[in-house]
Structures are given as C-alpha cells and as structure tokens.
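To start, the structure itself, in structure tokens.
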Amino acid sequence: MDHKTRQTRIEPTEVVCVGEALWDLHAPEGIPLERAKLLRRVPGGGAVNTATALARLGVPSGLCAALGDDALGRGLKDEVAAAGVDVGRLALGAARTGLMFVAIARGEARFVGYRQGELEARALAAALPARWQTRVVHFTGIAPVRGAIGALARAAAGARREGCAVSVDVNARPRMWPRAGRVAPHAGADVGVRGCFRLFAQADLVKCSTGDLDVLGMTARALRERLRPEATLVVTDGARATLVLGPEGERAVAPRPVRPLDPTGAGDAFCAGMLASLVWEEQPRWADPALLLRAVARGHDVARAWVRRKRG
C-alpha cells in the first residue's frame with residue numbers, strides 16, 4: 001500500500017476508467033428534492049458508472065479516481081470493489097467525497113451537486129499512476145482545471161506510449177465547465193477548457209453529446225477536425241440517431257426506442273457498451289468503420305438496458 005495516497009494492489013484489467021467518483025443520493029421516485037425525507041445512496045460519477053457497467057458485462061475494469069479519506073470515501077471504495085471493479089488505482093486524500101442529489105420524475109432526472117471541482121481535479125491529477133498496465137484507458141467526468149487538465153493529457157500520452165488505446169467521454173458538467181463565450185479569453189477556467197483539447201488530441205475515440213458540443217461552443221465536424229486523423233468521434237443526441245465521424249466519413253446509427261425509468265448514467269453505460277465491444281473484437285485498429293458501428297450499436301443496447309432499471 002502507498003501510504004501517501006492510500007492506494008492498494010492493482011489487479012489485471014482490460015479497461016481503466018479515469019475521472020469522477022461520488023455518491024448519488026436518490027430521492028424516492030416522483031418526490032422532488034424539496035420534499036424528500038429519505039435518500040438512498042448509490043455509487044455514481046462517470047468513471048464509476050462506466051467501470052461498473054463494464055464489470056457487469058464481464059470486462060475486467062479498474063477505477064482511477066480520488067476520494068476523501070473519510071467515511072463516505074472509504075464506503076464508496078468498498079462498494080465499488082464489491083461490484084467487481086479493481087480499486088488499486090483509487091486514492092484517498094484530502095478532497096471531500098462528492099455528493100450528487102438526484103430526483104426522478106416521469107423518466108426525467110434533476111440533479112443538485114455538492115462538489116469541490118478544483119480540489120477534486122487536482123486530487124485526481126495527483127492520483128494518476130506512472131504506468132497503466134491495461135489495454136484501454138478511458139477518461140470521463142473530468143474538470144477543466146488549469147494544471148490538472150495538463151496532467152491528464154500527459155497521462156493519456158503516457159498511456160499511448162505504453163501501447164494502450166485511449167478513449168474520452170467529454171461529459172461536460174455545465175456547473176463545472178464555463179460555457180464558451182461566457183468566460184473572458186484571459187480567464188483561467190477558459191484556459192482549462194481549451195486545455196481539454198490536449199487530452200482529446202491523444203484519444204483514439206472521443207464520445208460527446210450534443211449538450212457537450214454546446215458547452216464547448218462548436219459543431220461535431222469542428223471537434224472532429226481537432227482530433228488525430230485516425231480518431232473517431234461519436235456524438236449522441238438522446239433518443240435520436242448517434243453520429244459517428246471517422247477517418248472514412250460520417251455514419252448515423254439510430255437507437256431502438258425506450259421508455260426510461262432512470263436516465264442517470266445512460267451516457268456512461270453507452271460508453272461501457274462501446275468499449276466492451278471494442279475489447280471483445282480484439283482488432284488492432286479502432287478506426288475500422290464496421291467495427292465502430294458495431295460498437296455504437298452495442299452501446300445503445302447497454303444504455304437501453306441501463307435506463308430501464310431503477311438505481312435509486
């Protein structure tokens with residue numbers, strides 16, 4: 001054990017998910033947060049959701065994240081480990097464990113977060129390992145904090161040198177990411193947002209939603225032009241068709257209709273389905289159009305199953 005970060009032994013994994021880990025506190029279905037008397041806590045955050053979904057699909061997964069060295073952090077670490085996710089790269093430190101309050105009504109989710117965005121981002125940067133020892137490194141739920149985002153970009157570059165495939169889920173949080181055009185060009189947060197493109201530029205696969213594009217202030221084609229020539233951009237749009245932009249052109253993949261019970265983490269489950277498909281196929285190049293279309297279809301199936309079950 002590393003006594004500075006409180007990390008434990010690393011187990012073999014196929015995919016390591018890097019990013020946010022927190023507790024989702026769910027109100028009973030149909031009860032607004034203002035009136036909720038009881039809350040049920042569920043492990044949450046982009047990295048946790050993706051790693052957990054991968055483990056359920058039978059893909060050995062790990063979590064690289066930073067939690068508070070407190071009862072909530074230790075409890076979350078234990079519960080994620082019990083779900084079959086390797087927590088050897090999870091660090092317990094000074095930043096408090098994040099909380100997200102969730103209310104579900106008619107398949108729509110309302111969120112209220114209690115987060116320490118800058119402290120969480122810097123704690124994650126400090127927890128990044130020197131070597132990844134995996135096949136795929138997936139970044140999700142990151143915060144565009146100046147300095148911390150640079151560490152993530154360097155970690156992604158290191159993963160590529162190690163022979164890992166790199167994927168990124170933009171997963172922009174509106175309260176933690178300043179929208180393009182609302183922040184002065186000289187502001188530090190805006191520098192952090194622009195710095196995210198250093199991370200995107202290391203990726204073989206970038207997934208974002210139309211909402212993420214709005215936060216970034218750009219179109220799908222403009223974002224694709226900022227990526228490596230052989231990279232693929234996958235853009236989801238809720239129940240509408242998913243756009244796949246790769247080196248050989250653009251394709252659209254329509255999901256099957258679904259009536260969600262709980263949409264929390266649907267995008268994370270979609271990423272897990274894509275990554276599971278790519279890991280199972282064991283092809284050296286992710287840029288193959290047929291391979292990516294199959295992965296997107298698998299992502300839709302996993303997300304569809306995810307939103308049809310209640311988490312809270």
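The values are calculated or read from the model by the stated rules, or taken from the named source; none is laboratory data. Small disclaimer: the values here were computed from a predicted structure and weren't measured. Note: ideal-geometry Cβ built from the backbone for every residue, glycine included; neighbour counts use all protein chains shown. With ligands, DNA and RNA removed, areas are computed over all heavy atoms of the protein, side chains included. Shrake-Rupley method; radii C 1.70, N 1.55, O 1.52, S 1.80 Å.
Condition first: under 15 Å from Val168 (Cα atoms) and touching a Gly at 6+ places or on another chain (Cβ under 9 Å). Can you find one or more residues in the range 246-264 that meet it? For the range 246-264, residues under 15 Å from Val168 (Cα atoms) and touching a Gly at 6+ places or on another chain (Cβ under 9 Å): absent. If you go through the range 198-217 and keep only what is closer than 19 Å to Pro247 by Cα, of a type in the set (A, V, I, L, M) and more than 15 Å from the chain's Cα centre (by Cα), you end up with just Ala201.
Within the range 136-189, the set of residues being charged (D, E, K, R), modelled with pLDDT of 90 or more and surrounded by fewer than 21 Cβ atoms within 10 Å (Cβ to Cβ) comprises Arg154, Arg160, Arg161, Glu162. So is Arg106 at positive phi, surrounded by fewer than 22 Cβ atoms within 10 Å (Cβ to Cβ) and among the charged types (D, E, K, R) or not? The answer is yes for Arg106.
This table checks each residue for (1) under 30 Å from Gly30 (Cα atoms); (2) in contact with a Pro (Cβ under 6 Å, 6 or more places away or on another chain); (3) surrounded by 23 or more Cβ atoms within 10 Å (Cβ to Cβ).
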site: Ser277; (1), (2), (3): no, no, no
site: Trp280; (1), (2), (3): no, no, no
site: Ala290; (1), (2), (3): no, no, no
site: Ala295; (1), (2), (3): no, no, yes
site: His300; (1), (2), (3): yes, yes, no
site: Ala305; (1), (2), (3): yes, no, no
site: Arg309; (1), (2), (3): yes, no, no
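I'd like the residue in the range 112-130 that is more than 22 Å from Val206 (Cα to Cα) and free of Cβ contacts under 8 Å to residues at least 40 places away in the same chain and, out of all such residues, is most open to solvent (accessible area, probe 1.4 Å). Filtering the range 112-130 for residues that are more than 22 Å from Val206 (Cα to Cα) and free of Cβ contacts under 8 Å to residues at least 40 places away in the same chain, the one most open to solvent (accessible area, probe 1.4 Å) comes out as Tyr114. Residue count for the range 220-262 satisfying the condition of being at positive phi and open to solvent by 50 Å² or more (accessible area, probe 1.4 Å): 1. Within the range 88-103, the residues that satisfy the criterion of being open to solvent by 30 Å² or more (accessible area, probe 1.4 Å) and either within 18 Å of Ala130 (Cα to Cα) or of a type outside the set (A, V, I, L, M, F, W, C) (or both) are Gly93, Arg96.
This table checks each residue for (1) in contact with an Asp or Glu (Cβ under 7 Å, 6 or more places away or on another chain); (2) part of a helix (DSSP H, G or I); (3) at negative phi.
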site	(1), (2), (3)
Leu92	yes, no, yes
Phe101	no, no, yes
Arg110	no, no, yes
Glu118	no, yes, yes
Gln133	no, no, no
Gly158	no, yes, yes
Arg175	no, no, yes
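Looking at the range 61-87, which of its residues are part of a loop (DSSP other than H, G, I, E, B) and open to solvent by less than 10 Å² (accessible area, probe 1.4 Å)?
Here is the first cut: in the range 61-87, the ones part of a loop (DSSP other than H, G, I, E, B) are 65, 69-70, 83-85, 87.
Ala65, Val85, listed by residue number.
With Gly267, Gly273, Gly217 as the choices, which residue is open to solvent by 40 Å² or more (accessible area, probe 1.4 Å) and under 17 Å from Asp169 (Cα atoms)? Break it down into steps so the answer makes sense when it comes.
On the way: Gly267 fails: open to solvent by 40 Å² or more (accessible area, probe 1.4 Å); Gly273 fails: open to solvent by 40 Å² or more (accessible area, probe 1.4 Å).
Going through Gly267, Gly273, Gly217 in turn, the sole match is Gly217.
Could you list, in sequence order, all residues of the range 1-15 that are over 22 Å from Val136 (Cα atoms) and either at pLDDT 85 or above or part of a loop (DSSP other than H, G, I, E, B) (or both)? Matches in the range 1-15: Met1, His3, Lys4, Thr5, Arg6. Checking each residue in the range 16-47 for being part of a loop (DSSP other than H, G, I, E, B) and of a type outside the set (Gly, Ala, Ser) picks out Glu20, Pro28, Glu29, Ile31, Pro32, Leu33, Glu34, Arg35, Lys37, Leu38, Leu39.
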